[in-house]
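**Student:** Dropping the structure in here first, questions after.
The values are calculated or read from the model by the stated rules, or taken from the named source; none is laboratory data. These numbers were taken from a predicted model, which means no experiment stands behind them. No Cβ is skipped: glycine too gets one built from the backbone with ideal geometry, and neighbour counts run over all protein chains shown. Note: accessible area is taken over every heavy atom of the protein model, side chains too, but ligands, DNA and RNA are not part of it. Shrake-Rupley method; radii C 1.70, N 1.55, O 1.52, S 1.80 Å.
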Amino acid sequence: MTMTHAQRLLAWYDRHRRTLPWRAPAGRRTEPYRVWLSEIMLQQTTVATVGDYYRRFVERWPTVEALAAAPLDEVLSAWAGLGYYARARNLHACAQDVADKHGGRFPEDEAGLRALPGIGPYTAAAIRSIAFDHKASAVDGNVERVIARLYAIETPLPDAKIEIHLSAAELVPEARAGDYAQAMMDLGATVCTPRRPLCVICPLSPSCRALKLGLAETLPRRAPKAEKPTRRGLAFVLARKDGAVLLRKRPTKGLLGGMDEVPSSPWREGRFVAADALADAPVPARWTLLDGLVRHTFTHFHLELRVARATATTDRLARLLPGSAWCALDLLDERALPTVMRKVIEKASLS
Ligand code: SF4
């Protein structure tokens, strides 16, 4: 009897599965809270980075109810460094919905999961399959690559998505759907890698069309991406003599919503003259323009910030800037400070 894709993949998984902080031992299911938390953290971030964050979160908030009861500020500051802060706000809102509307239990059905903040089709399918062993097809970038190669789908992404998702769904077995989902993730991460896939050790090689056609490394194809624009601005680091820095809160809605920041001029595309931007200084002080740039890339744009620094002669300057407060340098780690702002403060303290 010839083995199906799923049987070959599961046999491989039983021998080579990765040990991950959120993964239950063989034969056991990971609880929904842990699947959900790890999947939200893993969006756009690597397994290596997520490990420590995940451990800290489950230690501090071992259940979805505990996370729901935590102040949003604490969740945002524990998240700082993972980027994409809208996900952290959604994470908190989702925990509150699960705690308040579902008695602390994640729903098992797709519609129930998709109605929760921050849960899209992929995360819903990952929770349904891994936590509940339901036959659901979780297709992320890794799985897209495996399927595009397995069937030698040459249509470029994103147009190929429908075909890839349909093909992926057909392959999900009736039994061990959760292990199958994790096996696909592992195969994509460790064997069917973007460059130099390890086809010689791949359990799917007997039926892989891309391998047969010599196309493995060239798939999936992608439509060329539009260039990201670059926005520029001037960040103002006002420090007291003891090193404390003036921080203010960003508006709750929008980019980096609810996070802390050092004040800055508006971030705009096009011509930027740092000396002119000094006119946007939040408080009157003797501002010194520092050499060099702080660069950061967001989902939709690159950001280049010049940095200006000044020493505050009086504590009262903070009163001129509503919503601002002094923060001692050694307490910065406890603040919900996005990575770009950490880079700005670092530049101001090193220059
Ligand atoms: Fe990927 Fe190669 Fe396996 Fe095909 S044989 S699925 S290209 S690793």
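**Student:** Over the stretch 174-292, what is the mean sequence separation of C-alpha contacts under 8 Å (at least six apart), divided by residue count, expressed as relative contact order in percent? Before the final figure, lay out the partial values.
**Tutor:** Numbers: 97 pairs, mean separation 20.7, N = 119.
Computed value for the stretch 174-292: 17 percent relative contact order.
**Student:** Ranked by accessible surface with a 1.4 Å probe, highest first, in what order do 327, 199 come?
**Tutor:** Numbers: 327 5, 199 35 Å².
Order by accessible area, largest first: 199, 327.
**Student:** What angle do you read, to the nearest 10 degrees and between 0 and 90, between the alpha-carbon axis of helix 141-150 and the longest principal axis of the chain?
**Tutor:** Rounded to the nearest ten degrees, it is 30.
**Student:** Next question, about the same structure. Using Cα centres only, tell me the gap between the stretch 170-194 and the stretch 91-119 in whole Å.
**Tutor:** Each part reduced to its Cα centre gives a spacing of 25 Å.
**Student:** Now a separate question. How long is the gain from residue 114 to residue 321 if the chain were fully straight, where each residue apart is worth 0.36 nm and the alpha carbon distance is subtracted?
**Tutor:** On the way: separation 207, 0.36 × 207 = 74.52 nm, distance 4.05 nm.
Contour length minus the Cα-Cα distance gives 70.5 nm.
**Student:** Order 185, 259 by their accessible area, 1.4 angstrom probe, all chains in place, largest first. Please list the in-between numbers first.
**Tutor:** Working: 185 20, 259 0 Å².
I get 185, 259, largest accessible area first.
**Student:** A further question on this structure: In percent, what relative contact order does the chain have, based on Cα pairs under 8 Å that are 6 or more apart in sequence?
**Tutor:** Numbers: 542 pairs, mean separation 55.9, N = 351.
Over the chain, the number comes to 16 percent.
**Student:** To continue, here is another question. So, counting K/R as plus one and D/E as minus one, what does the shell of residues with Cβ under 15 Å around residue 114 add up to? Please list the in-between numbers first.
**Tutor:** Numbers: positive: 101, 128; negative: 39, 97, 108, 109, 110.
For residues surrounding residue 114, the net value is -3.
**Student:** Just the accessible area per residue of the stretch 1-111, please: how many Å² with a 1.4 Å probe?
**Tutor:** Normalised by residue count, the accessible surface of the stretch 1-111 is 52 Å².
**Student:** For the stretch 230-294, taking Cα atoms only, what is the radius of gyration to one decimal and the Dmax to the nearest whole Å?
**Tutor:** Cα radius of gyration and Dmax of the stretch 230-294 are 12.7, 37 Å respectively.
**Student:** Taking all pairs of distinct Cα atoms, average 1/r, flip it, and tell me the Kirkwood hydrodynamic radius of the stretch 1-147 in Å to one decimal place. Mind dumping the intermediate values first?
**Tutor:** Numbers: mean 1/r = 0.0620 Å⁻¹.
With all distinct Cα pairs of the stretch 1-147 included, I get 16.1 Å.
**Student:** I need the semi-axes of the equivalent ellipsoid of the stretch 94-208: take the C-alpha gyration tensor, multiply each eigenvalue by 5, square-root it, list largest first in whole angstrom. Each step should come with its number before you reach the end.
**Tutor:** Working: eigenvalues 172, 44, 29 Å².
Here the semi-axes work out to 29, 15, 12 Å.
**Student:** Could I ask something else about it? For the chain, give the percent of accessible area contributed by carbon and sulfur heavy atoms, probe 1.4 Å, rounded to a whole number. Numbers along the way, then the final one.
**Tutor:** Working: 9260 of 17910 Å².
Using a 1.4 Å probe with all protein chains present, the chain comes out at 52 percent carbon and sulfur.
**Student:** When ranked by the protection proxy of mean other Cβ atoms within 10 Å per residue, highest first, what sequence do the peptides 132-144, 103-115 form? Spell out each step's value before the answer.
**Tutor:** Details: 132-144: 19.2, 103-115: 15.0.
Most protected by this proxy first, the peptides run 132-144, 103-115.
**Student:** Could you sort the peptides 308-319, 232-243 by per-residue average Cβ neighbour count (10 Å cutoff), highest mean leading? Can you show the working numbers first?
**Tutor:** Numbers: 308-319: 15.5, 232-243: 19.0.
Highest mean packing first, the order is 232-243, 308-319.
**Student:** Let me ask something else. Taking the chain as a Gaussian network, Cα atoms linked when under 10 Å apart, which of 196, 221, 34 shows the biggest mean-square fluctuation?
**Tutor:** In this elastic network of the chain, the residue with the biggest mean-square fluctuation among 196, 221, 34 is 196.
**Student:** Given a Förster distance of 41 angstrom, what is the FRET efficiency for residue 55 paired with residue 252, based on the Cβ-Cβ distance and rounded to 0.05?
**Tutor:** Values: r = 28 Å, r/R0 = 0.69.
Efficiency, from the Cβ-Cβ distance: 0.90.
**Student:** Excluding ligands and nucleic acids, what accessible area in Å² is computed for residue 5 using a 1.4 Å probe, to the nearest 10?
**Tutor:** The accessible area of residue 5 comes to roughly 40 Å².
**Student:** Let me understand the chain better: what is its radius of gyration from the alpha carbons, and its Dmax, in angstrom?
**Tutor:** Looking at the chain, its Cα Rg and Dmax stand at 24.0, 82 Å.
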